[in-house]
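Each reported figure results from applying straightforward, stated rules to the coordinates on display, with no laboratory input. What you see is a predicted model; the values in this text were computed from it and never measured. As a convention, Cβ positions derive from the backbone with ideal geometry for all residues, glycine included, and neighbour counts pool all protein chains shown.
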Amino acid sequence: MLKGIKRVITLGICSVLLFSVTGCKTVGGGKRIVRIAHSQSETHPDHMGLLAFEEYVESHSDKYDVQIYPNELLGASVKAIELVQTGAVDFAVCSTGNLETFDDIYQVFSIPYLFDSTDVYHSVMEDDELMDSIYKSTEAAGFETVTWLDAGVRNFYATTPITTPEDLKGKKIRVQQSPTNVKMMKAFGASATPMSFGEVYTAIQQHVIDGAENNEFALTNNKHGEVAKYYSYNQHQMVPDMLIGNYKFLNNLDPEDKKLFEEAAKECNKIEREEWDKQVVEAKEIAKDMGVQFIDVDVNAFKEKVLPLHEQILEENPKLKPIYDKIQEANNKAKGGQQ
Ligand code: GCU
């Protein structure tokens, strides 16, 4: 009942917000309002990065008023992406997991154990040529990516310890609304339950699911550590968050403003990543204080279960192959092997 009332209130707030959002695009003084939606709290590194974006735009131009809507205020990720597609919202931060159904180029990041290390992951994400080929290729989807944000390494956490892949058997594990993540979870032997991020806490609390998979911030910033006390370092994915913008908005900017938003995006990336590195260490300590146990596992045992997916996904979506090959080159280079 309470949940029902809460949902009605939230829907009401969203409708009011959406109404004002989709309406007027200028404020007094004729400034163009630039709206950004995201799903994290105001203390999360993503939000810090976006504040830097806002600060950069507003201090370098008097034409724009940047407004940030955190906490899924304009809707969960999938909704936010739809709003960017239509131009009701100009930018949103969302995981590549959720972007996958809007443009399947983003499926590549859902491939489990794609990057051998965070160093390789970062080097690939910093490869502007490779990333531009992804970022700029999504005109048909109505958006373009302007920068990436670190979202760490994804691991399982649950109400019971997961120390081997066998512990996942029959467990209901939440995944993002991504078909590749559903496949991955099946390959791990668990039962995949796709849902939006904001629903996970209650779903664990009410035993609708046994656990989920995410970075450490889910335990603290989203308080999942209150209801799931075991976090296992099986490291199955490094899935970035993307700052996406409405395609028409970005491509109708004059050269000077295009540059302005490009520079603001760089600033956003820089600050978010600095905040990430700083806060993720703290997050682990906070989670321990919440009573969460961190478990080191045999990563290879988990990897073996899902490696066959690499070939399967590439066969189903051959356009991923050139990107996948580049990533493998980066993995090999890091190992000191052939490029
Ligand atoms: C991370 C990520 C979010 C994403 C969430 C999820 O927190 O930063 O963008 O929505 O995972 O699992 O849905």
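Below, the figures for the structure above:
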{"quantity": "Extreme residue, nearest to Ile36 (Cα to Cα), among residues of region 133-174 that are free of Cβ contacts under 8 Å to residues at least 60 places away in the same chain and within 16 Å of the ligand (Cβ to nearest atom)", "calculated": "Arg174"}
{"quantity": "Only one of Thr159, Thr145 that is touching a Phe, Trp or Tyr at 6+ places or on another chain (Cβ under 9 Å), surrounded by 15 or more Cβ atoms within 10 Å (Cβ to Cβ) and closer than 24 Å to Thr86 by Cβ", "calculated": "Thr145"}
{"quantity": "Only listed residue being in a helix (DSSP H, G or I), among the hydroxyl-bearing types (Ser, Thr, Tyr) and buried (at least 17 other Cβ atoms within 10 Å of the Cβ), chosen from Thr202, Thr180, Thr193", "calculated": "Thr180"}
{"quantity": "Filter result (in a strand (DSSP E or B) and within 19 Å of Ile162 (Cβ to Cβ)) within region 216-244", "calculated": "Tyr230, Tyr231, Ser232, Tyr233, Asn234, Gln235, His236, Gln237"}
{"quantity": "Test: residue in region 209-227 that is closer than 26 Å to Lys303 by Cα, in contact with a Cys (Cβ under 8 Å, 6 or more places away or on another chain) and within 16 Å of the ligand (Cβ to nearest atom)", "calculated": "no"}
{"quantity": "Filter result (closer than 22 Å to Thr96 by Cα and assigned to a loop (DSSP other than H, G, I, E, B)) within region 27-43", "calculated": "His38, Ser39, Gln40, Ser41, Glu42, Thr43"}
{"quantity": "First in region 257-282 and over 19 Å from His122 (Cα atoms), second anywhere and surrounded by 19 or more Cβ atoms within 10 Å (Cβ to Cβ), Cβ under 6 Å, 6 or more apart", "calculated": "Ala264/Phe53; Ala264/Tyr56; Ala264/Val57"}
{"quantity": "Restricting region 228-251 to residues that are within 14 Å of the ligand (Cβ to nearest atom) and among the hydrophobic types (A, V, I, L, M, F, W, C), the residue that is nearest to Tyr157 (Cα to Cα)", "calculated": "Ala228"}
{"quantity": "Checking Thr220 against (1) crowded, with 17+ Cβ neighbours inside 10 Å; (2) more than 27 Å from His47 (Cα to Cα); (3) polar (S, T, N, Q), the condition it does not meet", "calculated": "(2)"}
{"quantity": "Some residue of region 65-87 being away from the ligand (no atom under 16 Å from the Cβ) and either among the basic types (Lys, Arg) or crowded, with 23+ Cβ neighbours inside 10 Å (or both)", "calculated": "no"}
{"quantity": "Of all residues making up region 203-259, the number that are under 19 Å from the mean Cα position of the chain (by Cα) and among the aliphatic types (A, V, I, L, M)", "calculated": "8"}
{"quantity": "Within region 317-326, considering residues that are touching an Asp or Glu at 6+ places or on another chain (Cβ under 9 Å) and assigned to a helix (DSSP H, G or I), the one surrounded by the most Cβ atoms within 10 Å (Cβ to Cβ)", "calculated": "Leu320"}
